[in-house]
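This report refers to the structure that appears directly beneath it.
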2 protein chains.
Amino acid sequence: MALAEAILVCLTERPMSGYDLAKNFDASIGFFWRASHQQIYRELGRLREKGYVLSEEVSQNGKPNRIIHTLTPAGKKALRDWSTKPAKHPSLKDDLLVKFYALENVDLDALKDQMTIRIEQHQTKLVKYVRIKERYYDGKDLDLTQKGKLIVLEQGILQESQTIERLEDMMVKLGNL
Amino acid sequence: MALAEAILVCLTERPMSGYDLAKNFDASIGFFWRASHQQIYRELGRLREKGYVLSEEVSQNGKPNRIIHTLTPAGKKALRDWSTKPAKHPSLKDDLLVKFYALENVDLDALKDQMTIRIEQHQTKLVKYVRIKERYYDGKDLDLTQKGKLIVLEQGILQESQTIERLEDMMVKLGNL
DNA sequence: GGTTAATATGCAACTATTTGCATAGATACA
DNA sequence: TGTATCTATGCAAATAGTTGCATATTAACC
């Protein structure tokens, strides 16, 4: 499982609370690894038990206490070990494409609506990625870690625009049936 | 869940055994919905209980008996109902991209090897898709269902070649760090 | 003669993910 | 004054997916 590792990767940047991690999983790293806060809190418990993170409670006035998780040397080692193991190919599961496989048994108008929504979702993502690139990476001096993130960000931008093009092409074909 | 629906979609083509379905999930529909035979047999049991498929045992000499599953009218209706419901955006989970997010804590040579393997996997897929297109779709008269499959197949071919290009670009960037 | 692959089905255990619920103070808005 | 949102954590149940095992016959290959 790589949820554990995705969390460790986040913590290489800085110590964080579960809440911070959940927000990260909605933003940066969440672009290719999504996880709910419930999953993250549970996984943090496991990582603590293994000694990969150190968890310390910090009191705040007014707000509930935060528990800040710090990557330990053992955690860093686990991360490097994991990085050498073969990556699984991502499991594709797409409802929308399955629906194309039985066009005669499907509601075509509903399918078109779903395609429109899907295109909009990718456009939203694309805009988000471009903004992040402009704000945090363009014209800056970058260290190794930042360069890695930029590589992924740029591939994400390309991927999203290409996906939008393909989906629009499918829409046209669906309209011409 | 759409495993159930993916099975129903397969059965719109023709009645099949669990074994046939498992093979289909390794080939055509499996390009965007993967499932193991264990999962399929379990799901078939549920579909039978719901009355969405009719299961009949057929004896064969020599080989073990097959159980042929046929889509019922209720199953067909369930499929159409499902088709009108919003499609979820596919959940992205990619180890390989996560590894780029902590380049300083990762084994770079191992990462390059994994990139190479990933590129080869996509090339294999691309070749498979192109062959299927040539063999079963090029220059043929197609009905509505076949046209739907062709649309997905063509988008798959484009997707794979674009993915290969993006991965190769990432490899170059990784080499120039 | 022995090994491997293909055909054909399925249970059981484990791991992962999703969904619903629960708590509780602070702040902002209408 | 009520509603909504943000901060911050987590349990429990249900659903989904993976991995390991189990059985049994045929056919091809070395």
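The values are calculated or read from the model by the stated rules, or taken from the named source; none is laboratory data. Just so it is clear, the model here is predicted, and its values are computed rather than measured. Counting neighbours? That spans all protein chains shown, and the Cβs are built from the backbone with ideal geometry, glycine included. Remember, those area values only see protein heavy atoms, side chains included, never the ligands or the DNA or RNA. Shrake-Rupley method; radii C 1.70, N 1.55, O 1.52, S 1.80 Å.
Any idea which residue in region B:25-38 is nearest to DNA strand D (Cβ to nearest atom), counting only those that are within 10 Å of another protein chain (Cβ to nearest Cβ) and touching a strand residue (DSSP E or B) at 6+ places or on another chain (Cβ under 8 Å)? Quick ask: steps written out before the conclusion?
Of the residues in region B:25-38, the ones within 10 Å of another protein chain (Cβ to nearest Cβ) are B:28-35.
Then drop every residue that is not touching a strand residue (DSSP E or B) at 6+ places or on another chain (Cβ under 8 Å), which leaves B:32-34.
Values: B:32: 12, B:33: 8, B:34: 6 Å.
Step by step, filter region B:25-38, then rank; the result is B:34.
If you take the residues in region A:166-176 that are surrounded by 14 or more Cβ atoms within 10 Å (Cβ to Cβ) and without any contact (Cβ under 8 Å) to a residue 24 or more places away in the chain, which one is farthest from the other protein chains (Cβ to nearest Cβ)?
The qualifying residue farthest from the other protein chains (Cβ to nearest Cβ) is A:169.
Identify all residues within region A:44-61 that are part of a helix (DSSP H, G or I) and open to solvent by 90 Å² or more (accessible area, probe 1.4 Å); write none if there are none.
Correct list: A:46, A:48, A:49, A:50.
Could you tell me how many of the residues in region B:133-154 are open to solvent by 20 Å² or more (accessible area, probe 1.4 Å) and either within 8 Å of another protein chain (Cβ to nearest Cβ) or touching a residue at least 24 places away in the same chain (Cβ under 8 Å) (or both)?
Applying the first criterion (open to solvent by 20 Å² or more (accessible area, probe 1.4 Å)) to region B:133-154 yields B:133-147, B:149-150, B:154.
Those left that are additionally either within 8 Å of another protein chain (Cβ to nearest Cβ) or touching a residue at least 24 places away in the same chain (Cβ under 8 Å) (or both): B:133, B:143-145, B:147, B:149.
Adding up the residues that qualify gives 6.
Please determine whether any residue of region A:90-102 is assigned to a helix (DSSP H, G or I) and more than 27 Å from residue A:159 (Cα to Cα).
Looking through region A:90-102, none of the residues is assigned to a helix (DSSP H, G or I) and more than 27 Å from residue A:159 (Cα to Cα).
Taking the criterion of being more than 12 Å from DNA strand C (Cβ to nearest atom), part of a helix (DSSP H, G or I) and of a type outside the set (S, T, N, Q), would at least one residue in region B:33-43 satisfy it?
no
Within region A:1-16, which residues are over 16 Å from residue A:81 (Cβ atoms), buried (at least 17 other Cβ atoms within 10 Å of the Cβ) and either within 14 Å of DNA strand C (Cβ to nearest atom) or more than 11 Å from chain B (Cβ to nearest Cβ) (or both)?
Passing the criteria: A:3, A:16.
Report yes if some residue within region B:96-109 is open to solvent by 70 Å² or more (accessible area, probe 1.4 Å), out of contact with any Lys or Arg (no Cβ under 9 Å at 6 or more places or on another chain) and under 28 Å from residue A:81 (Cα atoms); otherwise report no.
yes
Looking only at region B:68-92, filter to residues that are at the interface with chain A (Cβ under 7 Å from one of its Cβ atoms) and crowded, with 19+ Cβ neighbours inside 10 Å; which one of those is nearest to residue A:35 (Cα to Cα)?
B:87
Any residue in region A:3-20 that is more than 24 Å from residue A:131 (Cα to Cα), within 16 Å of the chain's Cα centre (by Cα), charged (D, E, K, R) and modelled with pLDDT of 90 or more?
yes
Give the residues of region B:93-134 that are of a type in the set (Lys, Arg) and in contact with a helix residue (DSSP H, G or I) (Cβ under 9 Å, 6 or more places away or on another chain), sorted by residue number. Write out each step before concluding.
Filtering region B:93-134 down to residues of a type in the set (Lys, Arg) leaves B:93, B:99, B:112, B:118, B:125, B:128, B:131, B:133.
Residues satisfying the conditions are B:93, B:99, B:112, B:118, B:125, B:128, B:133.
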